[in-house]
Amino acid sequence: MWKGKLPREIFEIGQEGYVSAGEVTYPEGIEVIDCELGTSPLGMSERLCRLLKEGKTCNLCDYPEPEPNDLKVGIVKAHSSWKISPEEVLVGGGSIGVLVSLFRVLLRPGSVMLGVSPQFTDVPLQALYNGASYESINLEAPRYSIDKNRILEALDRKPEVLYIDRPNNPTGQVLSLDDLAELARAAMKTGTWVIADEAYGDFLPDEESAAVLDFPNLVICRSFSKGLGVAGIRVGFAVCRDRELAALYRKIQPPFVIGTLDACIALEVLKDGKALDAVRDYVKKAKSKVLELVSQKQGWSVADTDQRVPIFLLSQEAGNIVKRLADVGIACAPGSGYFNLDDRSARLRVPSPDKLEAFLERLNIIGDIP
């Protein structure tokens, strides 16, 4: 049997600290309520559905632009309060694709990425796969509050990259702009790049985005997968004010990374402000109801979270909350998918409007499950 040469040590990276829930099963004959992946609870907008139904034409025979300029201009127009230019927009295959390309430039074997834990697991894993080390500031249960001062102290180690997911995934809490500005300012002195991952940023108003901050060492990554409701097109972008980093990014970026149709859909979605307003309004109302119910359950706690962000971290004192949720037909993201968590915790996204009442009813009966 063929056994090619592979860096088999990467199979071990990131496994320490993970406790798997195992394969969960759901009751037969019950519709599973999906609260797992961080997609928009309202789905695709009506405007986009009409566009696809009408079959808007675009030339799929030729290769797409290496960097779709119309899309970059559309991003600048859609986010006018950021006061950026198309040259400061870097595009990629989803926000994770942007991050992977950035790390090809910024991280080498021996480099250090600093972060908090728990946070979006795939990013520190990409750093580890590049041969860098990941040093995390472990947040304290049950609130898992992000403490700016602890991060400032850790910057004395002079890491190459400070990674902050803002809003944080899995908790949904949002580090203030003032705190982020202070971190970016301190990181200038230590030669540290600050990556603000705003995959869930569309649930907040533009004036609260890190993109309004003008620091050369601050890079902001954004996604079309969450508030904009088009995870299937795999488009992401970054705002980068450092010309040299932007030039290096463009050198190592794979060619034709965004397809012609994907760019066309992304540009159309940017024009639909009403759809984004609707999803923001629904998330606030739905999350308020969910948090009110959870606060009445003994033995449960919710980490610090922003009511405007659709995800939150639910924990219990003992036992496997992932399986308890599965027992009532609720799908979640297991805590074991994050560093320094186990399946006493689960990340949930507010469900779609047609499933909200059923979701609340099922949460309410979990305490009666032996």
Selection count, the stretch 193-209, where residues are open to solvent by less than 10 Å² (accessible area, probe 1.4 Å), farther than 22 Å from Ala231 by Cβ and touching a residue at least 40 places away in the same chain (Cβ under 8 Å): 0
Candidate set: the stretch 239-253, residues that are in a loop (DSSP other than H, G, I, E, B) and touching a residue at least 60 places away in the same chain (Cβ under 8 Å); chosen: the one nearest to Met44 (Cα to Cα): Gln253
Can you name the number of the only condition in (1) touching a Phe, Trp or Tyr at 6+ places or on another chain (Cβ under 9 Å); (2) at pLDDT below 95 that Leu90 fails? (2)
Residue that is farthest from Leu228 (Cα to Cα), among those in the stretch 68-98 that are among the acidic types (Asp, Glu) and surrounded by fewer than 18 Cβ atoms within 10 Å (Cβ to Cβ): Glu87
Is there any pair with a first residue in the stretch 59-71 that is under 17 Å from Ile265 (Cα atoms) and a second that is part of a loop (DSSP other than H, G, I, E, B) and open to solvent by 80 Å² or more (accessible area, probe 1.4 Å) whose Cβ atoms are under 9 Å apart and which are 6 or more apart or on different chains, and what are they? Tyr63/Pro255; Tyr63/Phe256; Pro64/Phe256; Glu65/Phe256; Pro66/Pro255; Pro66/Phe256; Leu71/Glu65
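Looking at Leu276, Leu325, can you tell me which residue is in contact (Cβ under 8 Å) with a residue 40 or more places away in the chain, of a type in the set (A, V, I, L, M, F, W, C) and within 30 Å of Val76 (Cα to Cα)?
Values: Leu325 fails: within 30 Å of Val76 (Cα to Cα).
Exactly one of Leu276, Leu325 is in contact (Cβ under 8 Å) with a residue 40 or more places away in the chain, of a type in the set (A, V, I, L, M, F, W, C) and within 30 Å of Val76 (Cα to Cα), namely Leu276.
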Residue hits (the stretch 146-192; among the acidic types (Asp, Glu), under 27 Å from Gly335 (Cβ atoms) and surrounded by 17 or more Cβ atoms within 10 Å (Cβ to Cβ)) are Asp165, Asp179
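I need the strands (runs of 3 or more DSSP E) fully contained in the stretch 86-169, keeping only those with at least 3 residues that are in contact with a Lys or Arg (Cβ under 6 Å, 6 or more places away or on another chain) and of a type outside the set (Ser, Thr, Tyr). Steps first, answer last, please.
Values: elements: 89-92, 112-117, 133-138, 161-165.
Those strands (runs of 3 or more DSSP E) do not exist here; none qualify.
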Taking the conditions exactly as written (acidic (Asp, Glu) and without any contact (Cβ under 8 Å) to a residue 60 or more places away in the chain), does Glu88 satisfy them or not? no
Selection over the stretch 223-249 where residues are at pLDDT 95 or above and surrounded by fewer than 22 Cβ atoms within 10 Å (Cβ to Cβ) yields a count of 8
Residue under question is Glu65, and the condition is that it be open to solvent by 50 Å² or more (accessible area, probe 1.4 Å) and part of a strand (DSSP E or B); does it hold? no
Considering the stretch 125-166 alone, what residues qualify as being among the acidic types (Asp, Glu) and closer than 15 Å to Gly191 by Cβ? Asp156, Glu160
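The values are calculated or read from the model by the stated rules, or taken from the named source; none is laboratory data. Worth saying up front: this structure is predicted, and the values here are computed from it rather than measured. Every residue, glycine among them, receives a Cβ derived from its backbone with ideal geometry; neighbour counts consider all protein chains shown. For accessibility, only protein heavy atoms count, side chains too; no ligands or nucleic acids. Shrake-Rupley method; radii C 1.70, N 1.55, O 1.52, S 1.80 Å.
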